[in-house]
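Q: Could you have a look at this structure, given as structure tokens, before my questions?
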Amino acid sequence: QVTLKESGPGILQPSQTLSLTCSFSGFSLSTYGMCVGWIRQSSGKGLEWLANIWWNDDKYYNPSLKNRLTISKDTSNNQAFLKITNMDTADTATYYCARSPPFNYGSFDYWGQGVMVSVSS
Amino acid sequence: DVVLTQTPPTLSATIGQSVSISCRSSQSLLDSDGDTYLNWLLQRPGQSPQLLIYSVSNLESGVPNRFSGSGSETDFTLKISGVEAEDLGVYYCMQATHAPYTFGPGTKLELK
């Protein structure tokens, strides 16, 4: 059974760095073709893809936030991470991690429950 | 970035009615590898998005076959043949042919 669960600080102040963890089970990020992505959802901008990390450590970032994003993984502990620097009120959103399986490129077949992140002074 | 436009923004249906949602892309979603990476997702109230259809017309495992997808290049359609109460929520199309991946604004399906 595949599950993913996001965790994070909940509330941040502007200019701080957001650190998110995606803990998953039921699959391995060392499997050929496997990928984990991060997507966020805000009331203002809908669903926005942020970044992907693949089994071979390839990383793709959304150029609109590229300089602020860092995605990484810990394959041994079945975790993926996302850091966003210089957080702003516009980054207030629910952040999801999701699995992209090797046989269905570009689709996210399992999603976490999401973690709400609020940026406020 | 690829812009996906969904119509209608809101859809009112009765149980058992068949409905369609359109997704139009600002660029062709046909990839150089011959595949078209256009997916459909449903987000029920208070839940995470759920994959329904991948690569235009492939039904995700466990999704009822009343859902079907069609289309090519820039025009795509999701059809629900006989709406059921559990189908209510917001439907999104999403493309993964061109980086960055992008999502449509959503179509809200509600009961009439």
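The values are calculated or read from the model by the stated rules, or taken from the named source; none is laboratory data. This structure is a prediction, so every number in the text was calculated from the model and none was measured. Heads up, the Cβs are rebuilt from the backbone with ideal geometry, glycines too, and the neighbour counts pull from every protein chain shown.
Q: Restricting the search to region B:61-83, which residues are touching a Leu at 6+ places or on another chain (Cβ under 9 Å) and within 28 Å of B:Ser32 (Cα to Cα)?
A: B:Phe67, B:Ser68, B:Gly69, B:Ser70, B:Gly71, B:Ser72, B:Glu73, B:Thr74, B:Phe76, B:Leu78
Q: If the requirement is being more than 30 Å from A:Tyr61 (Cα to Cα) and within 14 Å of chain A (Cβ to nearest Cβ), which of these qualifies: B:Gly106, B:Gly69, B:Gly62?
A: Selected residue: B:Gly62, the only one of B:Gly106, B:Gly69, B:Gly62 that is more than 30 Å from A:Tyr61 (Cα to Cα) and within 14 Å of chain A (Cβ to nearest Cβ).
Q: Turning to a different aspect of this structure: Looking only at strands (runs of 3 or more DSSP E) that fall completely inside region A:21-121, which ones have 2 or more residues that are under 19 Å from B:Leu42 (Cα atoms), modelled with pLDDT under 95 and within 11 Å of another protein chain (Cβ to nearest Cβ)?
A: Ranges flagged: none.
Q: Is there a residue being within 14 Å of another protein chain (Cβ to nearest Cβ), closer than 18 Å to B:Leu29 by Cβ and in a loop (DSSP other than H, G, I, E, B) anywhere in region B:84-97?
A: yes
Q: Can you tell me which residues in region B:32-57 are surrounded by fewer than 14 Cβ atoms within 10 Å (Cβ to Cβ) and over 19 Å from A:Gly112 (Cβ atoms)?
A: Of everything in region B:32-57, those that are surrounded by fewer than 14 Cβ atoms within 10 Å (Cβ to Cβ) and over 19 Å from A:Gly112 (Cβ atoms) turn out to be B:Ser32, B:Asp33, B:Gly34.
Q: Mind checking which strands (runs of 3 or more DSSP E) fall wholly inside region B:1-75 and carry at least 3 residues that are touching a helix residue (DSSP H, G or I) at 6+ places or on another chain (Cβ under 6 Å) and among the hydrophobic types (A, V, I, L, M, F, W, C)?
A: Filter on region B:1-75 gives an empty set.
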